[in-house]
């Protein structure tokens, strides 16, 4: 769905002539906040966990629909030994959530001379025990990793044994921030001429754009102090239509 259509929908529902004016930049900011709320909702929102549940009501692993909705943000990148400093690999700037990580292992008997070993990403409370475990020993061909922050600060994966590795990272990246490109003109000097090609569009499918629009309208309603707008789109959000 084109970003200008989304902006026009915000104007229509918020009745800007009566409730106030939202600039294109304000609309883009609310849409970005809304899409990040939707992203968290789909991937794994801790607030959705019921008592004793290991997964939330909505979760990345629960349905094909959620996989499809997040498909535009799945990204794969390769890394080499030179990417590591003391066994620490700094994750890409657009990284949000880790899906999987594997390393390449030379194997003359395998197709292409390489086999692939998944990196076992462990939690903080497991890190010390796994490094000295004799039952499941960590090695250069079966390393473990943990997510950390470096001093930059930047997100990174610390590997054990601490050395360089070559392999592949699969992750979910951050959605691009929407940005409507326009110029002002006309007799009033405030008439907007939209530039579609120079705009940064929402990357979601149309169905998800509608969900994001509903969330953005709730945020816009708060900004415009419109209880009616907030209530109406909260109902839409709960109903999922």
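Every read-out reported here was derived from the displayed coordinates using simple, explicitly stated rules and does not represent laboratory data. Remember, predicted model here, so these are calculated numbers, not experimental data. For neighbour counting, all protein chains shown are included, and Cβ atoms are generated from backbone atoms with ideal geometry for every residue, glycine included.
Annotations for the structure displayed:
- Calculated FRET efficiency for the pair residue 23/residue 198, C-beta based, R₀ 25 Å, to 0.05: 0.90
- Computed FRET value (nearest 0.05) for residue 139 with residue 206, which takes r as the C-beta separation and R₀ as 45 Å: 0.40
- Normalised by residue number, the volume inside the convex hull of the Cα atoms of segment 78-235 is 241 Å³ per residue.
- Global geometry of segment 117-166, whether rounded, prolate or oblate, following the gyration tensor of its Cα atoms and the 1.5 cut on a/c: oblate
- Pairwise label distance in nanometres, residue 131 with residue 100, each label 7 Å out on the Cα-Cβ vector: 2.8
- Spacing of the two label points (7 Å from each Cα toward its C-beta) at residue 151 and residue 8, in nm: 5.4
- Pairwise Cα inverse-distance average, inverted: Kirkwood Rh of segment 81-165 (Å): 13.8
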